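The values are calculated or read from the model by the stated rules, or taken from the named source; none is laboratory data. The structure displayed is predicted, hence computed values, not measured ones. When we count neighbours, we look across all protein chains shown, and the Cβ atoms used for this are built from the backbone with ideal geometry, even at glycine. Side chains included, ligands, DNA and RNA excluded: accessible areas come from the protein's heavy atoms. Shrake-Rupley method; radii C 1.70, N 1.55, O 1.52, S 1.80 Å.
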Amino acid sequence: MKSYLWLYEHALHQKGKALDSLMPDFLPDAELSQVPDSLLFSLMSRRIFRAGLKHSVVDAKWPAFEKAFWGFDPEKVALMSDEQLEGLMQNDQIIRHWGKVKAARANAFFICEMAEKHGSFAQWLANWPVENIVGLWDVLKKEGKQLGGNSGPYFLRMAGKDTFVLTDDVVGALKAQGIVDRKPTAKRDLLIVQQAFNQWHQESGRPMCHISRMLSFTVG
């Protein structure tokens with residue numbers, strides 16, 4: 001496996017002085033812990049509804065989603081009845097996907113449960129160590145709904161939680177480094193990837209999301 005220095009120099013060669021401006025934003029843990037749970041719930045839901053659709057289509061409808069889902073107040077959405085959810089399927093201002101509509105209520109329960117245990121959902125996310133970010137992905141997938149694959153990581157990126165994302169370019173780079181020989185989905189392979197990112201993180205002190213983006217620049 002190449003060192004972080006090689007990774008950085010290769011990405012710098014590809015992108016030049018623009019490299020730093022191409023890095024994703026993230027929030028320090030202290031700031032993330034103060035984000036309202038309603039905003040995190042809205043971002044989570046937006047990511048879910050974006051999956052498989054043009055993002056601009058979903059984003060244009062998002063004010064209507066905010067109204068339909070009570071401002072994404074987790075406690076209110078968790079109390080929505082089956083009849084209320086079915087009623088949303090008649091609302092032509094939103095995207096009427098039954099599985100994703102139902103996922104909103106299930107995810108509201110999940111968020112409320114984490115908030116009860118940890119003070120807030122935001123606090124729980126902020127406290128989760130980046131050295132085991134794949135573990136957080138796994139919890140989101142198992143305890144939430146419609147958060148498997150890259151949906152969980154993309155939600156975290158939208159929320160400001162430092163995370164790498166296994167895009168096609170990142171997977172291609174990991175293959176080129178001999179870290180994996182296929183897209184990592186099994187727990188064992190994900191842990192191997194986490195170990196590689198941890199090493200680069202320790203070498204550089206750079207956030208996982210920056211390492212991820214730089215890694216993507218080493219292919220193509």
Original post:
How big is the stretch 121-220 in terms of Cα radius of gyration and Dmax, in angstroms?
Top reply: 12.9, 38
Original post:
What trypsin sites (Lys or Arg not before Pro) does the stretch 171-220 have in DSSP loop regions with at most 11 other beta carbons within 10 Å?
Top reply: 182
Original post:
For the stretch 132-220, what's the relative contact order in percent, using C-alpha pairs closer than 8 Å and at least 6 residues apart?
Top reply: 32 percent
Original post:
To the nearest 10 square angstrom, how much accessible area does residue 112 have with a 1.4 angstrom probe?
Top reply: 40 Å²
**OP:** Can you tell me the 0 to 90 degree angle between the C-alpha axis of helix 55-68 and the longest principal axis of the chain, rounded to 10?
**Re:** 40 degrees
Subject >> Residue-by-residue Karplus 3J(HN,Hα) for the stretch 189-206, coefficients 6.51, -1.76, 1.60, Hz, glycine and proline x >> reply: 5, 5, 5, 5, 5, 4, 4, 5, 5, 4, 5, 4, 5, 5, 5, 10, x, 7
**OP:** May I ask for the net charge around residue 186, where only other residues with Cβ less than 14 Å from the Cβ of residue 186 are counted and Lys, Arg are +1 while Asp, Glu are -1?
**Re:** +2
Original post:
What 222 nm value per residue comes from the helices of the chain, counting each DSSP H run with n ≥ 4 as -39,500 (n - 2.57) and dividing by all residues, nearest 500 deg cm²/dmol?
Top reply: -19000 deg cm²/dmol
Original post:
Counting pairs of alpha carbon atoms under 8 Å apart in space and at least six apart in sequence, what relative contact order in percent does the chain give?
Top reply: 29 percent
Original post:
Using +1 on the beta carbon of Lys and Arg, -1 on that of Asp and Glu, and nothing else charged, what's the dipole of the chain about the Cα centre, debye to 20?
Top reply: 660 debye
**OP:** Round to a whole angstrom and tell me the spacing of the C-alpha centers of the stretch 21-35 and the stretch 102-132.
**Re:** 17 Å
**OP:** At q = 0.12, 0.13, 0.15, 0.17 Å⁻¹, what is the base-10 log of I(q)/I(0) for the stretch 1-119 according to the Debye formula with one equal point scatterer per Cα and no solvent? Please give it to two decimals.
**Re:** -0.60, -0.66, -0.77, -0.87
**OP:** Would you mind checking the tilt of helix 37-50 against the longest principal axis of the Cα atoms of the chain, expressed as 0 to 90 degrees and rounded to 10?
**Re:** 80 degrees
**OP:** Indicate the gyration tensor shape class of the stretch 79-152 (rounded, prolate or oblate), computed on the Cα atoms with a ≥ b ≥ c the square roots of the eigenvalues: a/c under 1.5 is rounded; otherwise a/b larger than b/c is prolate and the rest oblate.
**Re:** prolate
